1. Suppose all protein chains stay in the model; what accessible area per residue would a 1.4 Å probe give for the chain, in Å²?
2. Starting from the Cα of Lys393, draw a straight line to each of the lysines and keep only those under 21 Å, dropping any in the same chain fewer than 8 residues away.
3. Between the range 113-175 and the range 299-374, what is the C-alpha centre distance in whole Å?
4. What is the angle, in °, between the Cα long axis of helix 23-36 and the longest principal axis of the Cα atoms in the chain? Nearest 10 is fine, range 0 to 90.
5. At 1.4 Å probe size, with the rest of the protein present, what percent of the exposed accessible area of the chain is carbon and sulfur atoms?
6. List the residues whose amide H sits under 5 Å from the amide H of Val146, counting only those 5 or more places along or on another chain, with H placed 1.01 Å from N in the peptide plane.
7. What does the C-alpha gyration tensor say about the overall shape of the range 55-291? Classify as rounded when a/c is under 1.5, otherwise prolate if a/b is larger than b/c, or oblate.
8. When DSSP assigns beta bridges and you keep just the ones with both residues in the chain, what percent turn out antiparallel, to the nearest 5?
Amino acid sequence: MMTKPAGLSFPVSNNVSRMQPSSTLAAMQAADALRAAGANVVDFGAGEPDFDTPDNIKRAAVEAMRAGQTKYTPTAGTRQLQQAIIDLYAREFGADYGRSQVMATSGGKQAIFNAVVSLINPGDEVLMGKPYWVTFPEIVVFAGGVPVFIETEAAGFLLNADQIEQAITPRTRLIILNSPSNPSGRVIPPAEFKRIMELLSERGIYVISDECYLRYVYPPAEVFSAANLPMELRSRLCIAGSFSKTYAMTGWRMGYALAPRQWTQAMLKIQSHSTSNPNSIAQRAAVEAFNGPQESVGAMLAEYTVRRAWLLEALKEVPGFTCNEPEGAFYAFPNVSGCLKGALRTSGEFAQRLLDEEQTVVTDGAGFGCEGYLRMSYATSMVQLQEGVKRIKRFAEKLE
Ligand SMILES: Cc1ncc(COP(=O)(O)O)c(C=O)c1O
């Protein structure tokens, strides 16, 4: 009689076994599974624009293919793309980066990964405000570092220099800033950003400024890049940027890093032995994104502005919900602790029951370090927003 071979358990490396899978991707997969089963799903989970990539950018990619730009490029990206990045930061933020300080990456995520892994040794502490983007602590843990979370709830999730100062220890090596923040939408005002950078510079702490949502800011909050700070405050700064959200290019996987020369060299070492270079065709598209017309960015921002206003008003009508006004990005981050009673004890259970009973996807705040909160992306159509809030309200009223 044949016996089944015993299943081999895979000996996952220590670095990887310390990591948690992405909770935001898990929410996307749950929505996909329901859709595949024919359900009418409303999806507040997706962290990506519902808009298509602008046509001028797509055309540039087609031209690149026709012109044979289908080969490996330098690890740091083509000269043309490096120059487009340098020019944009000079034009818009008065910064004077040189080619040795600029590299193109496969998405902002790779820029952050390169920056953390090239700096952090086992036991190094890395600060980040709570709530944090889910990927930050996982990259730190992969590198052997220790994520240290800064509580900001009492300050309405706005990170400031005083909170950071209290969290610094002799082992603090790096801080990851993210303004506008995913998931809270908070934007650090320029004057406070400068105070933070002065403190970190005084203490010799390295900084990654994740500026992936740079353009999506709602007045009176202001668009602000750390590139705009004086040179002496940028000597330990790596800016991680992305084309994904600004130009609705999530699938193209294009981002970049701006950092001091030696940090960039270390990051290039990692990239040269991992992905070699970002996709050559997407690099040409990214050049067009930065150098071409910017009307599409304004049009998307105008649309997010309308949706944000509508959603914030609508959430006021949901029993048990309270919500800060997000100043940037495209997420609302309501506190739902008013709904957590009886058998329903956590925001994760809330999200799961909402999915099961109303086929509506939201992301549990616990994945961002904030139990009792939900992240709702408004990068989806008004029709979907209206239907989704109707379902959430019906669900929350049932819990009353
Ligand atoms: C805060 C934050 N940083 C970085 C990224 C990375 O984006 P990408 O790798 O698509 O450029 C994301 C994407 O969701 C994000 O939300």
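The values are calculated or read from the model by the stated rules, or taken from the named source; none is laboratory data. Just so it is clear, the structure is predicted and the values come from calculations on it, not from any experiment. Glycine gets a Cβ as well: all are built from the backbone with ideal geometry, and neighbour counts include every protein chain shown. With ligands, DNA and RNA removed, areas are computed over all heavy atoms of the protein, side chains included. Shrake-Rupley method; radii C 1.70, N 1.55, O 1.52, S 1.80 Å.
1. Values: 17640 Å² over 400 residues.
For the chain, the per-residue accessible area is 44 Å².
2. Lys316, Lys341
3. Each part reduced to its Cα centre gives a spacing of 25 Å.
4. 60
5. Values: 9300 of 17640 Å².
Carbon and sulfur together cover 53 percent of it.
6. Gly123, Asp124, Glu125, Val126
7. Values: a/c = 1.87, a/b = 1.52, b/c = 1.23.
Because a/c hits 1.5 or more and a/b exceeds b/c, the range 55-291 counts as prolate.
8. Working: 15 of 35 bridges.
Within the chain, antiparallel bridges account for around 45 percent of the total.
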